[in-house]
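Report on one structure; see the data block that follows.
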């Protein structure tokens, strides 16, 4: 039974609620994602996107509902390195004295011994991951000296090195250059073919149409969820953004 | 009176070493400086300077109570240090008062309690040595305690060096890959309390926070590599301690204050002349001459 479940859903969130000291951030949210699916998470600031991510990674506890990752609990997903989180550029201290290599190596920490001594396989995984995001020339560059796009790629490499089957990306396209954007979209296609599941939050409506098979519109709870072509309608978007017309969000031509 | 004897550098350095209390002070203060310097890298990167201030002041009543009860004063200090942090967390969660206000409120409360207790409990507690440190008058039992605590902190920090770095840098990732963030949080707090306890012997409760933040801040200006930062932080802390003690010996100055002033001067030097992050960017100046 377990294996059937595993085959079916990478992420299963049922009626989850999160509150911070009695203040509700997210309620009755549902999400089901299969291997190889890319899902866009769309909502206003404060609509609960980051909270949703936090619940899936176990960074905050849910007060109600159930989360299954590959059919198992969030805790065992943490132990198995199943989920990788790629933070927003604003979410990290980019003055931290740490190099690209060190950041990517952090993707391996969960599967290392207590002293976090890299084995040959860890070194190889880190080298490969850095190569895939095209940062081999910047191995020992401090992250403070990178551009926004390079920094984003560094954290993507960390997720790759972690060999996670689920990727959660917080605003992967914000503040990146064209080259990085192209590289990220190529990686998305590769991840999809590898059977990884991707959940990404974004403000950019065009990216949703371009990359996402599915879309989850939220405003404290799920407004709409389904195939992008069916669900990503002007009416639903307007509801999600509290009555602002999609013309205003997209620009008039769309 | 001894002015002529430090005309040569040699005697400036060696003369104090003939005194037993000076050898002990130099050794103990270097050890304490190394421990605080090590921890300092983490505290400055985590942004816990204020927390360091809070914990170091809050240990005061613990020290007094432990003295009165005849317990090792590190035990009392440790309990009150960790207790203050727990209390800060509790008040912050249960009220609408902002965190920095809560921190300020709690640690001054504890500190005041300590001062009142000293005046009430008639004992041989020397308020001056708690407040301002007395590295020149460390007793044998204090030496043992200091060595034990210092080793404990150094071992803990060494084992969890990389995890603590990850915790300071990106706790969300740490949690996501199954690393026990709760444990690391309290480990860092425990080390902070213990470091405050040993630090207060050198420079006293009021200035111990300097031992916990200045070396880290200095190192932060000088490097972009975490490991180097730790090394620079430890070295600058030890050098400041040595300078402080020597200067206080020759010029008859308050030792704790001298140590912290030495740290401050080293920081100022880095602030002005650090190769990349200093105001004058020494690297560029040199490049101009090539």
If you go through region B:172-186 one residue at a time, do you hit one that is under 28 Å from residue B:83 (Cα atoms), crowded, with 17+ Cβ neighbours inside 10 Å and under 16 Å from the mean Cα position of the chain (by Cα)? no
Report yes if some residue within region B:49-57 is modelled with pLDDT of 90 or more and either within 14 Å of chain A (Cβ to nearest Cβ) or over 29 Å from residue B:220 (Cβ atoms) (or both); otherwise report no. no
If we scan region B:63-76, do we find a residue that is touching a residue at least 60 places away in the same chain (Cβ under 8 Å) and either surrounded by fewer than 21 Cβ atoms within 10 Å (Cβ to Cβ) or out of contact with any helix residue (DSSP H, G or I) (no Cβ under 9 Å at 6 or more places or on another chain) (or both)? yes
Qualifying positions in region A:233-248 - modelled with pLDDT of 85 or more and loosely packed, with under 13 Cβ neighbours inside 10 Å: A:235
Residue check, residue A:162 within 14 Å of another protein chain (Cβ to nearest Cβ) and either touching a strand residue (DSSP E or B) at 6+ places or on another chain (Cβ under 8 Å) or closer than 18 Å to residue A:88 by Cβ (or both): yes
Inside region B:139-190, counting only helices (runs of 4 or more DSSP H) that do not spill past its ends, which hold 3 or more residues that are touching a residue at least 12 places away in the same chain (Cβ under 8 Å), out of contact with any helix residue (DSSP H, G or I) (no Cβ under 8 Å at 6 or more places or on another chain) and within 13 Å of chain A (Cβ to nearest Cβ)? none
For region B:219-235, which positions are within 14 Å of chain A (Cβ to nearest Cβ) and assigned to a helix (DSSP H, G or I)? B:219, B:220, B:221, B:222, B:226, B:227, B:228, B:229, B:230, B:231, B:232, B:233
Which residue, of B:279, B:259, is surrounded by fewer than 16 Cβ atoms within 10 Å (Cβ to Cβ), touching a helix residue (DSSP H, G or I) at 6+ places or on another chain (Cβ under 6 Å) and at pLDDT 85 or above? B:279
Filter pass, residue B:216 being within 14 Å of chain A (Cβ to nearest Cβ), farther than 30 Å from residue A:80 by Cβ and crowded, with 23+ Cβ neighbours inside 10 Å: yes
(1) out of contact with any strand residue (DSSP E or B) (no Cβ under 7 Å at 6 or more places or on another chain); (2) surrounded by fewer than 24 Cβ atoms within 10 Å (Cβ to Cβ) all hold for residue B:224 apart from (1)
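For (1) at pLDDT 95 or above; (2) farther than 16 Å from residue B:226 by Cβ; (3) buried (at least 24 other Cβ atoms within 10 Å of the Cβ); (4) more than 21 Å from the chain's Cα centre (by Cα), each residue gets a yes or a no:
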| residue | (1), (2), (3), (4) |
| --- | --- |
| A:100 | yes, no, yes, no |
| A:114 | no, yes, no, yes |
| A:136 | yes, yes, no, yes |
| A:162 | yes, yes, yes, no |
| A:167 | yes, yes, no, no |
Against the definition (surrounded by fewer than 23 Cβ atoms within 10 Å (Cβ to Cβ), at pLDDT below 95 and out of contact with any strand residue (DSSP E or B) (no Cβ under 8 Å at 6 or more places or on another chain)), how does residue A:72 come out, yes or no? yes
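The values are calculated or read from the model by the stated rules, or taken from the named source; none is laboratory data. Fair warning: this is a prediction, and the values are worked out from it, not measured in the lab. Every residue, glycine among them, receives a Cβ derived from its backbone with ideal geometry; neighbour counts consider all protein chains shown.
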